[in-house]
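Peer 1: I'd like to ask you about the structure that follows.
Each value in this text was obtained by applying a stated rule to the coordinates, not by laboratory testing. Source: prediction; values computed, not measured. Cβ placement follows ideal geometry from the backbone for every residue including glycine, while neighbour counts extend to all protein chains displayed.
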Amino acid sequence: MQGLCDANMEGFDPKPFLKEKSKKLNAQTNLGIFEYAFDVTRRLCSLLENKADFGVRLKKAYENADRETMKSLADECDVIREKAEAFRLAHRRAWMEYCKPFGWEVYDIRYGGVINRIDTAKMRILDYLEGRADRLEELEEERLRLDNLPNGSSPRFNGDFIWRTYKAASTPNIL
């Protein structure tokens with residue numbers, strides 16, 4: 001709901017791109033040792049079909065006082081949570097197949113954070129819709145681009161994307 005990448009996603013519909021990639025990934029067979037890696041990628045594409053522009057759609061519905069769409073997005077949180085869990089399990093299976101178990105604990109924490117944020121987003125949306133919250137302050141803030149281009153510029157997710165900034169903002173401080 002804080003929309004770290006929302007301004008970059010504005011005006012970009014990721015679904016056609018992700019559906020095309022999913023179709024190509026699903027057509028791959030007899031992958032042998034690479035099956036786990038492809039499963040992770042398949043599940044990531046599936047998750048992003050719902051999650052990549054979720055914040056953009058939610059903010060737009062909130063700004064337009066479109067309560068019906070907001071209710072639908074609250075329900076979509078369950079789908080996103082389910083897909084995030086499937087992605088986590090596929091990633092863990094691949095990690096344990098290809099790597100030593102050391103280091104996976106960081107992903108346990110990160111996936112836990114993603115799943116809990118989805119649960120909190122659903123709770124906040126429903127609190128607003130059911131009158132327990134007067135407003136959703138998270139959705140009232142201006143979304144700023146990570147690449148420092150003006151809002152409304154074409155989306156750029158290439159070498160210019162400021163990965164370190166996003167990683168620093170989205171990674172919990174683990175001691």
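Peer 1: With r as the distance between the Cβ atoms of ASN64 and ARG110 and R0 = 30 Å, compute the FRET efficiency 1/(1 + (r/R0)^6) and round to 0.05.
Peer 2: Efficiency at R0 = 30 Å is approximately 0.40.
Peer 1: Compute, for the range 6-170, the length of the dipole vector about the Cα centre, with Cβ point charges of +1 (Lys, Arg) and -1 (Asp, Glu) only. Units Debye, rounded to 20.
Peer 2: So the dipole magnitude of the range 6-170 works out to roughly 660 debye.
Peer 1: Here's a follow-up. Do the alpha carbons of any pairs in LYS100/LYS122; LYS24/LYS122; LYS23/LYS51 sit beyond 30 Å of each other, and which pairs?
Peer 2: As for pairs spanning more than 30 Å Cα to Cα, those are LYS100/LYS122; LYS24/LYS122.
Peer 1: Please name which of LEU44, ASN8, LEU139 has its Cα lying farthest along the dipole of the chain towards the positive end, using unit charges on Cβ (Lys, Arg +1; Asp, Glu -1) and the Cα centre as origin.
Peer 2: LEU44
Peer 1: Then there's this: Test of understanding: what is the full-extension gain from LYS19 to ALA133, defined as 0.36 nm times their sequence separation minus their Cα-Cα distance?
Peer 2: Here the answer is 37.4 nm.
Peer 1: Could you calculate the contour length gain from PHE102 to LEU89, that is, 0.36 nm times the residue separation minus the distance between their Cα atoms, to one decimal place in nm?
Peer 2: 3.0 nm
Peer 1: Let me ask another. What do you get for trypsin sites (Lys or Arg not before Pro) in the range 48-148 restricted to DSSP loop and a cutoff of at most 14 other Cβ within 10 Å of the site's Cβ?
Peer 2: Answer in residue order: ARG132, ARG135.
Peer 1: Still on this structure, I have one more. Mind listing the phi-derived Karplus ³J(HN,Hα) values for the range 67-75, rounded to whole Hz, using 6.51, -1.76 and 1.60 with θ = phi - 60°, and x for any glycine or proline?
Peer 2: Once θ is set to phi - 60°, the couplings for the range 67-75 become 5, 5, 5, 4, 5, 4, 5, 4, 5 Hz.
Peer 1: Using the Karplus curve 6.51 cos²θ - 1.76 cosθ + 1.60 with θ = phi - 60°, what ³J(HN,Hα) values do you get for each residue of the range 88-95, in whole Hz, with x for Gly and Pro?
Peer 2: 3J(HN,Hα) across the range 88-95, in whole Hz: 4, 5, 5, 5, 4, 4, 5, 4.
Peer 1: Just the ratio, please: alpha-carbon radius of gyration of the chain over 2.2 N^0.38 Å, N its number of residues.
Peer 2: 1.12
Peer 1: Right, something else. Let's test the formula: R0 of 25 Å, r as the Cβ-Cβ distance of ASN148 and THR120. What FRET efficiency results, to the nearest 0.05?
Peer 2: Approximately 0.30, to the nearest 0.05.
Peer 1: For the range 1-104, which chymotrypsin sites (Phe, Trp or Tyr not before Pro) are in a loop by DSSP, counting at most 16 other Cβ atoms within 10 Å?
Peer 2: PHE12, PHE102
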